[in-house]
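Single-structure report; data block below.
The values are calculated or read from the model by the stated rules, or taken from the named source; none is laboratory data. Small disclaimer: the values here were computed from a predicted structure and weren't measured. For neighbour counting, all protein chains shown are included, and Cβ atoms are generated from backbone atoms with ideal geometry for every residue, glycine included. Please note that ligands, DNA and RNA were not included when accessible areas were found on the heavy atoms of the full protein model with its side chains. Shrake-Rupley method; radii C 1.70, N 1.55, O 1.52, S 1.80 Å.
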Amino acid sequence: MHSDKRIFAKRIISLSTLAMILQLASLSFGDSPACPLFSSAQWDKKSTIRSRNLKIVASIKKGEIKQSLILEISLKNISKKEISFRETNVLLDYSFVVKDGEGKVQPPSAGGEKRMLESRMISYKPALILNPQEQLTRQLVITEIYDFRPREVYTITVYRRISLDKGKTVEEARSNIVRAKVDG
């Protein structure tokens, strides 16, 4: 009984170590122009094509907590066929480019990087089916991931890469550019 617990504990530690190594590898080798410090699990070195099947619309709302902003992401099936894919965690499934007023890409905050790492520790989720013209909406408190300076205007673009043909091609859906500002 005790040896089973030890073996189980060693496997958990091994899985945790592997998850950390994978995260570091994605930080080192992720060549995503959209997010230099964080690479989505769907973000790889394959060439991508612009998605003709999915459309992302992003918008910003003020959060309930002072100086928080909510990024609302709508993923819509614009094709004439149903699309099946995994929807796990907004931080894992989507990539974000946040730029300041001078056009410099902003890295996630230390807390944001931690949340991104934690988002990779997910359990299996079944495939989701999106019928034609159907949309899926997700929300993210973006100010919990990135540090926004009061009264400065930022731009945010959301990306999603997905393969609908078992990895032969990778499609990239890109959102509109939204402007965000935290009141000070």
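Val97 versus (1) open to solvent by less than 20 Å² (accessible area, probe 1.4 Å); (2) at pLDDT 95 or above; (3) touching a Lys or Arg at 6+ places or on another chain (Cβ under 8 Å): which is the lone unmet condition?
(3)
Just checking, how many residues over the range 142-154 are part of a strand (DSSP E or B) and in contact with a Gly (Cβ under 6 Å, 6 or more places away or on another chain)?
The total comes to 1.
Looking at (1) loosely packed, with under 15 Cβ neighbours inside 10 Å; (2) in contact with a strand residue (DSSP E or B) (Cβ under 8 Å, 6 or more places away or on another chain); (3) part of a loop (DSSP other than H, G, I, E, B); (4) not small (Gly, Ala, Ser), which is the only condition Thr137 fails?
Among (1) loosely packed, with under 15 Cβ neighbours inside 10 Å; (2) in contact with a strand residue (DSSP E or B) (Cβ under 8 Å, 6 or more places away or on another chain); (3) part of a loop (DSSP other than H, G, I, E, B); (4) not small (Gly, Ala, Ser), Thr137 violates only (3).
If you go through the range 67-78 one residue at a time, do you hit one that is touching a Pro at 6+ places or on another chain (Cβ under 9 Å), under 20 Å from Ala173 (Cα atoms), touching a residue at least 40 places away in the same chain (Cβ under 8 Å) and of a type in the set (Gly, Ala, Ser)?
Looking for residues that are touching a Pro at 6+ places or on another chain (Cβ under 9 Å), under 20 Å from Ala173 (Cα atoms), touching a residue at least 40 places away in the same chain (Cβ under 8 Å) and of a type in the set (Gly, Ala, Ser), one finds none in the range 67-78, hence no.
Report those strands (runs of 3 or more DSSP E) wholly inside the range 65-111 carrying at least 2 residues which are charged (D, E, K, R).
In the range 65-111, 69-77 are the strands (runs of 3 or more DSSP E) which contain 2 or more residues that are charged (D, E, K, R).
Looking at the range 173-184, which of its residues are open to solvent by less than 50 Å² (accessible area, probe 1.4 Å), modelled with pLDDT of 95 or more and either in contact with a Gly (Cβ under 6 Å, 6 or more places away or on another chain) or of a type outside the set (Gly, Ala, Ser) (or both)?
Listed by number, the list holds a single entry, Val178.
I'd like to know if the range 99-108 contains one or more residues that are more than 18 Å from Ile70 (Cβ to Cβ) and in contact with a Pro (Cβ under 7 Å, 6 or more places away or on another chain).
Yes: one or more hits.
Over 18 Å from Ile60 (Cα atoms), small (Gly, Ala, Ser), at pLDDT below 90 and open to solvent by 60 Å² or more (accessible area, probe 1.4 Å): which single residue out of Ser123, Ser163 fits that description? Spell out how you get there, then give the answer.
Details: Ser163 fails: open to solvent by 60 Å² or more (accessible area, probe 1.4 Å).
Going through Ser123, Ser163 in turn, just one is over 18 Å from Ile60 (Cα atoms), small (Gly, Ala, Ser), at pLDDT below 90 and open to solvent by 60 Å² or more (accessible area, probe 1.4 Å): Ser123.
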